[in-house]
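In what follows, a single structure is set out as structure tokens and then discussed.
Since every read-out is calculated from the coordinates, none of them should be taken as a lab result. Note that the structure is predicted; figures quoted are calculated from it, not measured. Virtual Cβ from ideal backbone geometry, glycine too; neighbours counted across all protein chains shown.
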Amino acid sequence: MGIWDDIKKTFRNGSSLTRLIYVNVAVFILITVAGVIGFLLSNPAIPEGTLRLVAVPSFLNILLARPWTIITYMFVHKDIWHILFNMLWLYWFGRIFLEYLDQKKLVAVYLLGGISGALVYVLSFNIFPAFTGIVAESVAIGASASVMAVVIAIAAYVPDYTVQLFLFGRIKIKYMALAIFVLTSIMDFSVNSGGKLAHMGGALFGYFYTINLRQGRDISKGFNKMIDFFVTIFKPRPKLKVTHKKPVTDYEYNKIKAQHQTKINSILDKISKGGYDSLTKEEKETLFKESQKKN
């Protein structure tokens, strides 16, 4: 079995966490290949155009023309360190998430957290004067908002869950989540403000999700039903296998009937000698089926 077959098997049989990571890595490879092609052809429009098609724009007119980007942007990374840290955080906190909550909830928090991050980013760039000069050109990429949603959601759900950290010892994930949020969303806010606003949107959704879940309300239920609907539509239907029984002759029919009757007589004879309890499980089932035919 080749590497590609191994990858397909892992993706098909893996958890939703594995699939989310695989999709992010696959998109990163495609973006990287587009960059290499653009470099070789001395055509920067190739990688730039590819990125623009999947990155979420802050300018409303462009967003309306590319509505899919509110989903695609959360799977796009241009820098190796960007995707590396995002996937590591997703893997670590995603595993804890799946210890307590199911896979559908993980996917819903990832996607809805990413959408919330995109909405906060777009709305902020169109409301606050600080972004007036760049709103027409700004775009956002990365899974950070989605990952932040997962981190905050599970930290709020099991705040006292502890993990072993090198040099720090055992630490509760509520403190880890708080540190991650402050370092990636608050510190040096003027640098990559759009990304940090998206982080805040993802964190806000993650916290809101868990608060509702603790009160018995799963706000992702309707979203999951919608995903199931689309999956059902596009999932290939299994082909019906039609088999035709070969008709038997009168001789064959009588022979089969005689063999069956001989078997029944043998079972009845066994009952008369040793009682019903002397029958095997298979013999009891045969006798039961025969009695049902006669009723």
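Numbers for the structure displayed
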| quantity | calculated |
| --- | --- |
| Local electrostatic count at residue 284 - Lys and Arg +1, Asp and Glu -1, tallied over other residues with Cβ under 14 Å | -1 |
| Most mobile of 50, 262, 162 in a GNM of the chain (Cα contacts under 10 Å) | 262 |
| Residue-wise HN-Hα coupling along the range 260-275, computed from phi with Karplus coefficients 6.51, -1.76, 1.60 (Hz; x: Gly, Pro) | 5, 5, 4, 5, 5, 4, 5, 5, 5, 5, 5, 5, 5, 8, x, x |
| Cross-link pairs beyond the 25 Å C-alpha cut-off, checked among 9/196; 174/196; 9/221 | 9/196; 9/221 |
| For the chain, built as a Gaussian network whose Cα springs stay under 10 Å, the top-fluctuating residue of 137, 48, 252 | 252 |
| Of 259, 103, 215, the one that fluctuates the most in a GNM where the chain has Cα springs shorter than 10 Å | 259 |
| Kirkwood Rh in Å, taken over all unlike Cα pairs in the range 250-294 | 11.2 Å |
| Estimated [θ] at 222 nm from DSSP helical runs (n ≥ 4, -39500 (n - 2.57)) normalised by residues in the chain, nearest 500 | -22500 deg cm²/dmol |
| Under 15 Å from the Cα of residue 263 - aspartates and glutamates, other chains or at least 8 residues apart | 282, 283, 285, 290 |
| Amide proton proximity set for residue 56, modelled H, under 5 Å, gap of 5+ | 73, 140 |
| 3J(HN,Hα) from dihedral phi, the range 105-114, Karplus parametrisation 6.51/-1.76/1.60, rounded to Hz, x for glycine, proline | 5, 4, 4, 5, 5, 4, 6, 5, x, x |
| Full-stretch length increase - residue 95, residue 25 - with 0.36 nm per residue and alpha-carbon distance subtracted | 23.4 nm |
| As computed over the chain, the Cα convex hull volume per residue (Å³) | 302 Å³ |
| Hz values of 3J(HN,Hα) by residue in the range 30-40 - Karplus curve (6.51, -1.76, 1.60), Gly and Pro given as x | 4, 5, 5, 4, 4, x, 5, 4, x, 5, 5 |
| Orientation-averaged projected area, Cα convex hull of the range 89-236 (nm²) | 10.9 nm² |
| Neighbourhood charge, 14 Å Cβ-Cβ cut-off, centred on residue 63 and excluding it, Lys, Arg +1 and Asp, Glu -1 | +1 |
